[in-house]
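This report concerns only the one structure given below.
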Amino acid sequence: METAAPLPQITTVIPTYNRPQLLLRAVRSVLNQTFRDFRVCIYGDTSGEETAAAVAEAAQGDPRVQYHRHTERQGIARNFLYGMERVETP
């Protein structure tokens, strides 16, 4: 008997810098998709506590949402590349 292959997993990379309301909107948009086999990786470029709070609010304990906060300023390009280099999905 053949078993169905698992759905491919997708990683959404969201770099951010001190824009918690837009981040909240972006994360909720991803979480509301009908395709469910994904993870959301958020990379805060020295973002403050408001960003962490927005992530927690949007994720509401959803283990697919992961957050990393840089302690030193990276800039948009380096922050984005940092996230892309950590993607493990196909």
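The values are calculated or read from the model by the stated rules, or taken from the named source; none is laboratory data. Remember, it's a predicted structure, so these values are computed and weren't measured experimentally. Cβ placement follows ideal geometry from the backbone for every residue including glycine, while neighbour counts extend to all protein chains displayed. The protein model used for the area step is the full one, side chains on, heavy atoms only, and it has no ligands, DNA or RNA in it. Shrake-Rupley method; radii C 1.70, N 1.55, O 1.52, S 1.80 Å.
Residue 51 is checked against (1) open to solvent by 20 Å² or more (accessible area, probe 1.4 Å); (2) closer than 18 Å to residue 80 by Cα and fails just one. What number does that condition carry?
Condition (1) is where residue 51 drops out.
Name, by its number, the condition in (1) in a helix (DSSP H, G or I); (2) touching a residue at least 40 places away in the same chain (Cβ under 8 Å) that does not hold for residue 39.
(1)
Specify which of the listed residues (12, 34, 89) is of a type in the set (S, T, N, Q), open to solvent by 30 Å² or more (accessible area, probe 1.4 Å) and in a loop (DSSP other than H, G, I, E, B).
Only one candidate qualifies: 34.
What number of residues in the range 54-73 are out of contact with any helix residue (DSSP H, G or I) (no Cβ under 7 Å at 6 or more places or on another chain), in a loop (DSSP other than H, G, I, E, B) and open to solvent by less than 90 Å² (accessible area, probe 1.4 Å)?
2
Can you confirm whether residue 61 is modelled with pLDDT under 95 and on the phi > 0 side of the Ramachandran plot?
yes
If you check every pair at least six apart or on different chains, which have Cβ atoms under 9 Å apart with a residue in the range 9-21 that is among the hydrophobic types (A, V, I, L, M, F, W, C) first and a residue that is surrounded by fewer than 20 Cβ atoms within 10 Å (Cβ to Cβ) and part of a loop (DSSP other than H, G, I, E, B) second?
Hits for this filter: 10/35; 10/37; 10/89; 10/90; 13/86; 13/87.
Any idea how many residues of the range 15-29 are farther than 22 Å from residue 77 by Cβ, open to solvent by 20 Å² or more (accessible area, probe 1.4 Å) and either among the hydrophobic types (A, V, I, L, M, F, W, C) or out of contact with any helix residue (DSSP H, G or I) (no Cβ under 8 Å at 6 or more places or on another chain) (or both)?
Adding up the residues that qualify gives 2.
Among the numbered criteria (1) in contact (Cβ under 8 Å) with a residue 12 or more places away in the chain; (2) of a type in the set (A, V, I, L, M); (3) touching a strand residue (DSSP E or B) at 6+ places or on another chain (Cβ under 9 Å), which single criterion is violated by residue 53?
Answer for residue 53: the failing condition is (3).
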